[in-house]
Structure formats: C-alpha cells, structure tokens
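I am attaching a structure below and will ask some questions about it afterwards.
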Amino acid sequence: MNCEKLQKSLRSERFVKILDQSQKFEKNAIVYAKEINQNVFLLFVIVDSLKSNKIYASIASYNNIESIGKEDPLQVMFHLDINSKEDFHYLEKYVNVLV
C-alpha cells in the first residue's frame, strides 16, 4: 500500500498527526487521529519500515486527544489490521454505521 498517499489523504480529512512520546505504539509508527464522538477517536497507525509495512485502524476512547500516545486507551472498541484495499472498504462501511 502507498503509505504516503494514505497520509496525504488523512491530512486532507482533518486527521491530526500524533507524536508518540512514550512509545505506546510500535517503534517508528506514524499515528493519525480524528475525534468521531466525544473522547472517541479513529486512529490510523502506519509502520513504514524497510522490513515491514503495516497499517492498522482502531476506534478507542481516550481522556482527550493529547493523551493519545502518552496513555493507554480507556477502551478499545474496534481494531482492524489493514492488509488490502478491501479492508479499507470494510472499515468505511463500519465507521459509517457507527457515526
């Protein structure tokens, strides 16, 4: 998957890039978050390295956006490893029902 294209798309959809200061995510992970309900966030985590290229999405509850990457989530409601374009379609369908 084209991680650069995904990142550009997320930024255009008003996702915020999160700095992982306490290593709550995998090493070298790039995290984007968007609040979809009060203190409930849709997260995209992109690990783009020479050894692997992993993307996953989560819907999780945090105290606020500033706590993402600093604290563990209060609750994880959904998690999906994205391995193909079809996984994006599944996520889109699920999020549309949720929101």
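No lab work stands behind these numbers, since they all come straight from the coordinates. None of these values were measured; they are calculated from a predicted model. Cβ coordinates were reconstructed from backbone atoms using ideal geometry, including for glycine residues, and neighbour counts include every protein chain displayed.
Need one number: nm distance between label points at Asn83 and Ser67, each 7 Å from Cα along Cα→Cβ, rounded to one decimal.
So the label points at Asn83 and Ser67 sit 3.3 nm apart.
If contacts are Cα pairs under 8 angstrom and at least 6 residues apart, what is the relative contact order of the chain in percent?
Reported as a whole number, the value is 21 percent.
I would also like to ask the following. Once the piece of chain linking Val16 and Val76 is laid out straight, how much longer is it, given 0.36 nm per residue of separation minus the C-alpha distance between them?
Extra length from Val16 to Val76 when fully extended: 19.7 nm.
Which ³J(HN,Hα) values, rounded to whole Hz and listed in residue order, are derived for the stretch 12-18 from phi using the Karplus coefficients 6.51, -1.76 and 1.60 in 6.51 cos²θ - 1.76 cosθ + 1.60 with θ = phi - 60°, glycine and proline given as x?
5, 8, 6, 6, 9, 6, 9
Quick one: work out Rg over Rh on the C-alpha atoms of the stretch 16-99, Rh as Kirkwood radius.
Dividing the radius of gyration by the Kirkwood radius yields 0.96.
At 222 nm, what value in deg cm²/dmol follows for the chain if DSSP H runs of at least 4 each add -39500 (n - 2.57) and the sum is divided by all its residues, to the nearest 500?
-7500 deg cm²/dmol
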